[in-house]
Amino acid sequence: MTTTLRRNRTAIRVAMLAGGFAASLALLVVSPWTVKVKGADHREAPLINEDPAADIADVFAFVNPNDPTKVIFAMTVNGFAVPAVRASYSFSPDVLHQIKIDNTGDGREDLVIQFRFEGFESVRDPRCPANAAGQGGQFVTVRGPAKPTDTGAKNKELKEKVSQATGCTNTTIASGEVRVFAGLRDDPFVTDVGQLNRILGSAQDVFRGFTSPALGALAGRLIQADGGSGVDTFGGFNVSALLVEVPKALIQGTKDRAGTYLGNNTTIGVWGTTSRQEIEQLSTKKDPKSRGPFIQIQRAGHQIIKTVFIPVPMRDFFNRSVPEDDEANFSQFFPDALTTLDNDGTGNTIAGRVAVLNAVGVTALPNGAPLLLPASFANTDPGFIRQALIPDVLRLDLALAPADLAIGANGLQNGRRLGDDVTDILLRVSRQLADVKFPDGSGLPGSGALGTRGALDCKVLPACPDRRVLAVLQGTDFIEADSQVEDLSQSGNDRALLADFPFFAASHPLPGNAGTVGFPPQE
């Protein structure tokens with residue numbers, strides 16, 4: 001059965017099977033081990049914070065809206081790149097950047113696309129003349145998609161005979177049916193991380209202040225002149241983006257490890273990795289060093305999954321692990337989902353949660369976003385969030401229309417497009433489906449015995465010891481004007497995304513030059 005919900009221009013497909021979801025949804029919640037959130041995967045773990053050139057900010061995968069026979073893969077590094085020192089942000093020539101593709105569903109890569117860079121952005125490569133913007137650049141070689149020599153956390157470069165595209169950063173490179181772009185662009189991730197940190201730190205209660213009929217006055221931002229109240233923490237910053245466009249035919253269909261042809265699977269798993277090469281000291285005289293395989297130092301699939309669920313002390317371990325081991329290593333950190341069954345005897349169901357949100361007064365603007373899921377939304381599996389988000393890979397159904405978000409069919413959304421309002425998708429779904437332990441004796445759905453439930457802690461109202469409950473309460477961070485809140489296909493990015501390849505908005509110029517946006521002021 002498929003239920004279709006339409007919110008403004010966004011068609012949201014929710015696919016369900018008997019006994020549970022054929023789906024994946026998630027919570028925008030912050031791990032109780034986290035003091036501050038950076039947003040997406042920008043600077044999210046101790047060791048990778050010291051290596052910005054290898055720090056993956058976001059990963060994207062989507063069908064080209066102008067040519068549905070092609071698919072776009074993208075990854076960003078060098079988060080929070082300041083426009084005033086543009087040339088200081090390079091793709092590291094020592095890092096192997098990879099897009100990994102699983103088309104058998106086992107959490108292990110069947111195909112890889114590899115990027116290798118030469119030189120630095122501040123030293124123009126003689127092969128790279130200045131473009132119209134006065135940018136020169138680095139020389140880049142892109143190989144694949146091809147079967148990797150090794151899978152997992154240790155990798156080797158693809159052989160030179162593998163099909164490749166070469167050229168300069170800041171230009172579009174074409175090689176046969178493959179197109180590549182790598183260069184500095186506007187960071188497309190949008191969220192009010194500043195206010196989120198205030199909520200988590202108990203300095204504020206919600207994203208937008210209001211008086212709740214059930215909870216009283218809740219402190220938050222004021223409504224601004226443009227009708228919004230959020231502040232895009234990433235506004236005014238650039239990021240180093242790398243993209244590749246390939247025909248679907250190159251990534252669909254494969255053989256399993258026994259050599260059996262599996263046919264043209266329509267759903268693929270996608271994640272990005274960065275790796276540095278292992279160096280062995282052999283001798284102090286002859287051949288003192290030998291270069292070994294590339295060792296993975298970070299990976300990313302779903303947006304903000306580490307920031308949301310994984311304790312800080314374990315995030316470096318997560319970055320070095322592989323998706324096929326996620327269930328064994330990390331499933332204990334993911335919370336339960338509400339179901340249509342009363343799991344504590346207090347009406348703690350999806351419908352019961354809707355009643356709570358209505359009473360709090362956050363299901364209609366201006367105090368909260370409208371409900372995304374109906375009260376009759378069906379789920380019988382309390383563990384579906386874990387199943388949905390593990391392994392940590394973006395799931396992209398190549399058979400769906402390019403504009404179909406398909407929330408609930410393939411993860412947080414179908415793949416991830418640059419403009420998808422992923423923050424609001426997470427907030428709006430999570431407030432309806434995350435199990436919460438409310439105060440004993442309050443009569444609220446979820447106030448019964450905790451038992452074995454994996455629930456967020458809100459045993460004290462309205463403060464909630466687990467401030468994640470308040471962070472998701474309104475279902476939006478109000479970055480956009482209220483008239484646009486329901487449209488989950490638009491995030492309110494500070495620069496207009498391009499309608500064609502490379503799709504990322506142009507980078508912010510040197511401050512004071514034409515097109516300067518500047519950093520958004522905080523209240």
Q.
Among the residues of region 206-217, are any of a type outside the set (A, V, I, L, M) and free of Cβ contacts under 8 Å to residues at least 40 places away in the same chain?
A. yes
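Against the definition (surrounded by 20 or more Cβ atoms within 10 Å (Cβ to Cβ) and either in contact (Cβ under 8 Å) with a residue 24 or more places away in the chain or in a loop (DSSP other than H, G, I, E, B) (or both)), how does P126 come out, yes or no?
Details: surrounded by 20 or more Cβ atoms within 10 Å (Cβ to Cβ): no; either in contact (Cβ under 8 Å) with a residue 24 or more places away in the chain or in a loop (DSSP other than H, G, I, E, B) (or both): yes.
When the stated conditions are applied, P126 does not pass them.
It is to be established whether one or more residues within region 327-350 are of a type in the set (D, E, K, R) and either assigned to a helix (DSSP H, G or I) or surrounded by 23 or more Cβ atoms within 10 Å (Cβ to Cβ) (or both). Walk me through it before giving the result.
We begin by selecting, within region 327-350, every residue of a type in the set (D, E, K, R); these are 327, 336, 342, 344.
Narrowing the set further to residues that are either assigned to a helix (DSSP H, G or I) or surrounded by 23 or more Cβ atoms within 10 Å (Cβ to Cβ) (or both) leaves 327.
Yes, some residue in region 327-350 is of a type in the set (D, E, K, R) and either assigned to a helix (DSSP H, G or I) or surrounded by 23 or more Cβ atoms within 10 Å (Cβ to Cβ) (or both).
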Q) Which of the residues spanning region 95-123 are over 24 Å from F237 (Cβ atoms) and charged (D, E, K, R)? A) K100, D102, D106, R108, E109, D110, R116, E118
Q: Output the residue which, of all residues in region 472-481 that are more than 18 Å from the chain's Cα centre (by Cα) and at pLDDT below 95, is farthest from F384 (Cα to Cα).
A: A481
Q.
Between V178, V162, V239, V206, which is touching a His at 6+ places or on another chain (Cβ under 9 Å) and of a type in the set (A, V, I, L, M, F, W, C)?
A. V239
Q: Scan region 186-233 for residues that are of a type in the set (D, E, K, R) and either assigned to a strand (DSSP E or B) or under 20 Å from D494 (Cβ atoms) (or both) and jot them down.
A: D186, D187, D192, R208, R221, D226, D232
Q: Filter region 154-181 down to the residues that are touching a Lys or Arg at 6+ places or on another chain (Cβ under 6 Å) and in a loop (DSSP other than H, G, I, E, B), then identify the one that is nearest to Q98 (Cα to Cα).
A: L158
Q: Could you check G216 against (1) modelled with pLDDT of 95 or more; (2) closer than 17 Å to A57 by Cβ and say which number it fails?
A: (2)
Q) Are any residues in region 176-194 farther than 21 Å from R124 by Cα and either crowded, with 17+ Cβ neighbours inside 10 Å or modelled with pLDDT of 95 or more (or both), and if so, which ones? A) V178, R179, D186, D187, P188, F189, V190, T191, D192, V193, G194
(Q) Kindly evaluate L394 against the criterion of being among the hydrophobic types (A, V, I, L, M, F, W, C), surrounded by 24 or more Cβ atoms within 10 Å (Cβ to Cβ) and under 21 Å from the mean Cα position of the chain (by Cα). (A) yes
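How about region 336-355: which of its residues are under 26 Å from F210 (Cβ atoms) and either under 29 Å from the mean Cα position of the chain (by Cα) or not assigned by TED's automatic domain parsing to the domain that holds G451 (or both)? Don't jump to the end; show me each part of the working.
Just the residues of region 336-355 that are under 26 Å from F210 (Cβ atoms), to begin with: 338, 347-348, 350-355.
Those that are under 26 Å from F210 (Cβ atoms) and either under 29 Å from the mean Cα position of the chain (by Cα) or not assigned by TED's automatic domain parsing to the domain that holds G451 (or both): L338, I350, A351, R353, V354.
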Q: Inspect region 270-288 for any residue being small (G, A, S) and modelled with pLDDT under 90 and give the result as yes or no.
A: yes
(Q) Considering only region 395-406, I want to know if a residue exists there that is within 30 Å of D226 (Cα to Cα), assigned by TED's automatic domain parsing to the domain that holds D457 and in contact with a Ser or Thr (Cβ under 9 Å, 6 or more places away or on another chain). (A) yes
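Here is a list: A364, A359. Which entry is free of Cβ contacts under 8 Å to residues at least 24 places away in the same chain and surrounded by fewer than 17 Cβ atoms within 10 Å (Cβ to Cβ)? Quick ask: steps written out before the conclusion?
Working: A359 fails: free of Cβ contacts under 8 Å to residues at least 24 places away in the same chain.
Criteria check complete, one pass: A364.
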Q: Specify which of the listed residues (A399, A369, A378, A406) is closer than 30 Å to N265 by Cα and surrounded by 20 or more Cβ atoms within 10 Å (Cβ to Cβ).
A: A406
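For every residue, the table says whether it meets (1) in contact (Cβ under 8 Å) with a residue 12 or more places away in the chain; (2) part of a helix (DSSP H, G or I); (3) more than 21 Å from A369 (Cα to Cα).
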position	(1), (2), (3)
R428	yes, yes, no
Q432	yes, yes, no
G441	no, no, yes
D466	yes, no, yes
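The values are calculated or read from the model by the stated rules, or taken from the named source; none is laboratory data. Note that the coordinates shown come from a computational prediction; the quantities given were computed from them, not determined experimentally. Cβ coordinates were reconstructed from backbone atoms using ideal geometry, including for glycine residues, and neighbour counts include every protein chain displayed.
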